[in-house]
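Each reported figure results from applying straightforward, stated rules to the coordinates on display, with no laboratory input. All figures in this text were calculated on a predicted structure; none of them were measured in a lab. Cβ sites come from the backbone with ideal geometry, for glycine too, and all protein chains shown count toward neighbours.
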Amino acid sequence: TKVDGVDVFYREAGPANAPVVLLLHGFPTSSHMFRNLIPLLADKYHVIAPDYPGYGQSGAPDHKTFTYSFAHYADIVDGLLAQKGIQR
């Protein structure tokens, strides 16, 4: 999906009406690190695991036009959750 003009890849599993578990990867990894955990959680939870811009399968915008910072990553994740209607 696009968040603030950036292609953001995310893995999603589980019932849409279940409690949400957000899995955020570390550096320099991606949501791929959760490939074995997601199926274990998906029977009881709605699991979302995004790739930050510049990591995994998300887009890697030019550093001249995109600020690669923790704060900006937080904004991107917040935007993704807002698009999906997730508040909690």
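Evaluated against (1) under 13 Å from the mean Cα position of the chain (by Cα); (2) loosely packed, with under 14 Cβ neighbours inside 10 Å, Tyr73 falls short on exactly one condition, (2). Filtering segment 1-11 to residues that are surrounded by fewer than 15 Cβ atoms within 10 Å (Cβ to Cβ), touching a residue at least 24 places away in the same chain (Cβ under 8 Å) and among the charged types (D, E, K, R) leaves Asp4, Asp7.
Any chance you could count how many residues in segment 10-21 are within 18 Å of Tyr73 (Cβ to Cβ) and out of contact with any Phe, Trp or Tyr (no Cβ under 9 Å at 6 or more places or on another chain)? Going through segment 10-21 one residue at a time, the tally reaches 1. Among the residues of segment 22-48, those identified as assigned to a helix (DSSP H, G or I) and more than 17 Å from Asp78 (Cα to Cα) are His32, Met33, Phe34, Leu37, Ile38, Pro39, Leu40, Leu41. In the set (1) of a type in the set (Val, Ile, Thr); (2) farther than 15 Å from Lys2 by Cα; (3) not in a strand (DSSP E or B), Val77 fails one condition alone, (2). What are the residues in segment 20-37 that are surrounded by 13 or more Cβ atoms within 10 Å (Cβ to Cβ) and either under 23 Å from Arg88 (Cβ atoms) or among the basic types (Lys, Arg) (or both), if any? Correct list: Val20, Val21, Leu22, Leu23, Leu24, His25, Ser31, Phe34, Leu37. Here His63 fulfils each of the conditions (1) without any contact (Cβ under 8 Å) to a residue 12 or more places away in the chain; (2) in a strand (DSSP E or B) apart from (2).
Of all residues in segment 21-41, those that are closer than 20 Å to Ala60 by Cβ have Cβ atoms under 7 Å from Cβ atoms of residues that are among the acidic types (Asp, Glu), 6 or more apart or on another chain, in Ser30/Asp51; Ser31/Asp51.
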